[in-house]
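Single-structure report; data block below.
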Amino acid sequence: MGNSLSVEGLHAGYGAVKVLSGIDMSVRHGETAALLGTNGNGKSTLLKCLTGQIRPSKGRITATIDGQTHDLSALSTEAIVALGIALVPEGRRLFPKLTVDENLTLGAMPKKARAGMEERRAFCFEAFPRLKERRRQLAGSMSGGEQQMLAFGRALMSAPKILLVDEPSVGLAPILVARMIDKIAELKAALGLTVLMAEQNFNQAIRIADRGYVLVHGEIAHAAEDAASLKANDVVRRLYLGVD
Amino acid sequence: MSMELFGNALLSGLLLGGFYAAVAVGITIAFGMLDIVNIAHPAFIMLGAFVAYWLNVEYGLDPLLAALVAAPFAYIAGRGLYRYYHGVFERRSEDSLQGLAFFFGLLFVVEVSLLLVFGVDYRFVSAPYIGPSLTFGDYSVPYRMLVPFLAGLGVVALIALYLGRTFTGRAILAVSQDPGALRLVGGNPVKIKEAAFGLSIATAMLAGALLVIIQPIEPSMGREFIGRAFAICVLGGMTSLLGTVVAGAILGVAEAMTTTYVGAAWGPAVSFGLLLITLAVRPSGIFGR
Ligand SMILES: Nc1ncnc2c1ncn2[C@@H]1O[C@H](COP(=O)(O)OP(=O)(O)OP(=O)(O)O)[C@@H](O)[C@H]1O
Ligand SMILES: [Mg+2]
């Protein structure tokens, strides 16, 4: 039983541009795994592979959902979302000319997600009261922080088992970053999610991460089994803490 | 100025507006919501008009019933047309100029085909509501205007319900804003656009049937509706169905007033005048988001 992700020997890029080479990683049932790396190291590219937005040139991606294993590398993005894997994407990717409510409703587009739609909307409004206040407002006219909340809400509307999050801290004020990271832990606990979160904000990410991977130039430079070993690692010290 | 003259012009303009809404709703879907510049839409309206005419003359079918019978076929043909357009132009991002040329070509192919089959003579249908009028006091409303008005508004209302209440409908509203994001919520943008374009072409079938109820038809008449349909779409705010109805009514009344007080020759200039004023004063249209 359970919900997990596994990546083996993954190579991917954009046409002639090779970005990821030989990625091995996994996310186990019920944990929060952090995917750390500074700009341009391939975090978003990996999340795009996991959601079928780009096809790997080599390697295997499998997901286990409710104990059943699926090969993701052949599936379309729609089919992956329908399985129960949702992405809060880089740049939020909301529908700017639709209202908050309409964006949330579209989140429940997968057939399996339609039944409990109103319960999940209520859950989103409870988790992010601001969204309820703004439910008739156009998504494009909201602040960056509100848009990030909506991106989370929309992803949750598809009733995911595995939640992928691409840099939730980007563009948020420092105080909001801490709150957003706490919120992810809270949502995960409330919904029993398995989470993979890409982040550059190392200190914030390791507060809630059970494990982590450090991505450097498209390779896993360090795989850490716990937050402490992540912090102690040389690669991390060089990348983030400015220690040589 | 006589009140009666003004009232009759206003009334016939409003009735015309309901028909214009049916003419423009397909453009609002294709151009406004899907970013597909289907300038052949009026030619498909003419095709619809001749299909209704043919079913009426050959099989004695009521034009509205003919539209209902033919609409599913138009829907399927529209889906097929979108698949072709997508495969040849849109997928390769060659949809702006080459796509426009494609629809321009289609406009002529349809028009010439109709010309070859039906000739240049005006054709008309018969139905119980063509001829009599509803009169009250100084005002009289011909049923051949009233029926298209009601049918036009009814169709737009049904489409509004479909777009607002179903998942496919909501996805149609979202798809051109970010097709990739639609995939991320579990929708397939190509299938969504295909369904929407099928719907758009089905409305052309219906608008054609309404046209042949209102007046006799000949194949090249469609051209008169290119400017009108796009003007209504832009004036209404591109994606708004309520905007399409209101803009249709505005254009209908403006044309009726112009015809009454200035002269029928100025009628066709009205839509372009309205379009220019809209673009200058409020480019996002009346109900633009
Ligand atoms: N569409 C694309 N076409 C070509 N190259 C791309 C494309 N998208 C990303 N890249 C390149 O791939 C590399 C990895 O990019 P990616 O977006 O995965 O990094 P990231 O770790 O998410 O960075 P950031 O923290 O800035 O979001 C970069 O060198 C980038 O220039
Ligand atoms: Mg990124």
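Yes/no per residue for (1) assigned to a strand (DSSP E or B); (2) within 10 Å of ligand 1 (Cβ to nearest atom); (3) touching a residue at least 40 places away in the same chain (Cβ under 8 Å):
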site: A:LEU20; (1), (2), (3): yes, yes, yes
site: A:HIS29; (1), (2), (3): no, no, yes
site: A:ALA33; (1), (2), (3): yes, no, yes
site: A:ASN39; (1), (2), (3): no, yes, yes
site: A:SER44; (1), (2), (3): no, yes, yes
site: A:GLY52; (1), (2), (3): no, no, no
site: A:ARG55; (1), (2), (3): no, no, yes
site: A:GLY59; (1), (2), (3): yes, no, yes
site: A:THR62; (1), (2), (3): yes, no, yes
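Can you confirm whether A:GLY67 is in contact (Cβ under 8 Å) with a residue 12 or more places away in the chain, in contact with a strand residue (DSSP E or B) (Cβ under 8 Å, 6 or more places away or on another chain) and more than 16 Å from ligand 1 (Cβ to nearest atom)?
No: the conditions fail for A:GLY67.
Please give the helices (runs of 4 or more DSSP H) falling wholly within the range A:80-180 in which 3 or more residues are within 14 Å of chain B (Cβ to nearest Cβ) and of a type in the set (A, V, I, L, M, F, W, C).
Details: elements: A:100-107, A:117-127, A:129-133, A:144-156.
Where helices (runs of 4 or more DSSP H) fall fully within the range A:80-180 and carry at least 3 residues being within 14 Å of chain B (Cβ to nearest Cβ) and of a type in the set (A, V, I, L, M, F, W, C), they are A:100-107, A:144-156.
Of the conditions (1) at pLDDT below 90; (2) aliphatic (A, V, I, L, M); (3) within 16 Å of ligand 2 (Cβ to nearest atom), A:VAL236 fails just one. Which one is it?
All conditions pass for A:VAL236, except number (3).
Residues that are open to solvent by 40 Å² or more (accessible area, probe 1.4 Å), polar (S, T, N, Q) and within 16 Å of ligand 1 (Cβ to nearest atom): does the range A:76-94 have at least one?
Within the range A:76-94, the first condition is being open to solvent by 40 Å² or more (accessible area, probe 1.4 Å), and the residues that meet it are A:76, A:82, A:90-91, A:93.
Subset that is polar (S, T, N, Q): A:76.
So of that shortlist, the ones also within 16 Å of ligand 1 (Cβ to nearest atom) come out as none.
No.
Could you please find all residues in the range A:169-203 being within 14 Å of ligand 1 (Cβ to nearest atom) and farther than 20 Å from A:LEU156 by Cα?
The first filter runs over the range A:169-203 and keeps only residues within 14 Å of ligand 1 (Cβ to nearest atom), leaving A:169-171, A:196-202.
Result: A:GLY171, A:GLN200, A:ASN201, A:PHE202.
The values are calculated or read from the model by the stated rules, or taken from the named source; none is laboratory data. Just so we're clear, the structure is a prediction, and the values are computed from it rather than from any experiment. Every residue, glycine as well, gets a Cβ built from its backbone with ideal geometry; the counts of neighbours run over all protein chains shown. Protein only, heavy atoms only, side chains kept; ligands, DNA and RNA dropped before computing areas. Shrake-Rupley method; radii C 1.70, N 1.55, O 1.52, S 1.80 Å.
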